[in-house]
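Take a look at the structure set out below.
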Amino acid sequence: MNVLEFGFLVLAGIGAGLVGSIAGLASLISYPALLATGIPPVTANITNTVSLVLTSVGSVSASRPELKGQGRRLLPLALAAVLGGAAGAVLLLLTSPGAFERIVPFLIAGASAAILVQRPPAELAAEGAREHPVPRDPWWLALGTFVVGIYGGYFGAAAGVMLLAMFLLGTGETLPRGNAMKNVILGVANAVAALGYVAFASVAWSAALPLAIGCLVGGRLGPRVVRRAPQTALRRIIAVAGLGLAVHLAIQAFG
């Protein structure tokens, strides 16, 4: 890998880390960037998952205010993500990612639509400094996290959008706090899948390193943007981006 490709992947990683920590759409930037450097699709998918772990490291480290008081609720969700991410990694190693091609666009479109139309009760409250008591989350939240974890470990595209939609719908939290939850859980699922790939698959380390460096930087920036941006506008941007990805993948799958 030459200097230009290294720099290109660092910049792609910054963009992917920023978009991933905000909207869960990191692969929209990072995966095509890996393909552009000549890496085969399956190897690019594996390398992408390994590199994106650094997005979560950056975003979680920058989300301490939003994660305050959420430790207890995150434990069962993290366990579900570990199990799901491991199952997804095994599926990818045993089967072809093409098995999900036709259903993925509908999953992404549904999650994006949920973000667009759903208004959590917490966002209707007056803004400002206030305590966030942790409510009892619905029973299906851990199960849904497990299912999305499988998808994230197997295919990965827009898994963050699915988690974000589910957490906002199930918990009624604000976008910054729901997004912080998403970054933690998605990071756990990606880390488990990445460990499996490192042990049993081929990772293009020369590309993973610069991409991971950029992802760490971009991941650190994302929570600051979410914290300061108008929540309604940011919701719409995330939803529209997700719908755009769904249309793109649908054209590829059915075209």
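The values are calculated or read from the model by the stated rules, or taken from the named source; none is laboratory data. Only a predicted model underlies this, so the values are computations on that prediction, with no experimental measurement involved. We place every Cβ from the backbone using ideal geometry, glycine too, and count neighbours over all the protein chains shown.
Listing for the model above:
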{"quantity": "Residue that is touching a Gly at 6+ places or on another chain (Cβ under 7 Å) and under 18 Å from LEU93 (Cβ atoms), where the choices are GLY196, GLY160, GLY152", "calculated": "GLY152"}
{"quantity": "Long-range neighbours under 7 Å by Cβ, at least six apart or interchain, first residue farther than 14 Å from ALA191 by Cα and at pLDDT 85 or above within region 144-173, second among the basic types (Lys, Arg) and crowded, with 24+ Cβ neighbours inside 10 Å", "calculated": "LEU163/LYS182; LEU164/LYS182; PHE167/LYS182"}
{"quantity": "Region 206-241, residues that are out of contact with any helix residue (DSSP H, G or I) (no Cβ under 9 Å at 6 or more places or on another chain) and aliphatic (A, V, I, L, M)", "calculated": "ALA233"}
{"quantity": "Cross-chain or 6+ apart pairs with Cβ under 6 Å, region 206-217 first and more than 9 Å from LEU18 (Cα to Cα), then in a helix (DSSP H, G or I) and of a type in the set (Phe, Trp, Tyr)", "calculated": "PRO210/PHE6"}
{"quantity": "Flag if ALA207 is in a helix (DSSP H, G or I) and modelled with pLDDT under 90", "calculated": "no"}
{"quantity": "Single residue of LEU9, LEU34, LEU4 found to be over 21 Å from PRO223 (Cα atoms), touching a Pro at 6+ places or on another chain (Cβ under 6 Å) and at pLDDT 90 or above", "calculated": "LEU9"}
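Table: residues versus (1) on the phi > 0 side of the Ramachandran plot; (2) surrounded by 18 or more Cβ atoms within 10 Å (Cβ to Cβ); (3) aromatic (Phe, Trp, Tyr).
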{"position": "ALA189", "(1), (2), (3)": "no, yes, no"}
{"position": "LEU195", "(1), (2), (3)": "no, no, no"}
{"position": "VAL198", "(1), (2), (3)": "no, no, no"}
{"position": "TRP205", "(1), (2), (3)": "no, no, yes"}
{"position": "PRO210", "(1), (2), (3)": "no, yes, no"}
{"position": "LEU216", "(1), (2), (3)": "no, yes, no"}
{"position": "ARG227", "(1), (2), (3)": "no, no, no"}
{"position": "PRO230", "(1), (2), (3)": "no, no, no"}
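This table checks each residue for (1) at pLDDT 65 or above; (2) in a helix (DSSP H, G or I).
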{"residue": "ALA87", "(1), (2)": "yes, yes"}
{"residue": "LEU91", "(1), (2)": "yes, yes"}
{"residue": "ALA99", "(1), (2)": "no, yes"}
{"residue": "ARG102", "(1), (2)": "yes, no"}
{"residue": "LEU107", "(1), (2)": "yes, yes"}
{"residue": "ALA113", "(1), (2)": "yes, yes"}
{"residue": "LEU116", "(1), (2)": "yes, yes"}
{"residue": "ARG119", "(1), (2)": "no, no"}
{"residue": "ALA122", "(1), (2)": "no, yes"}
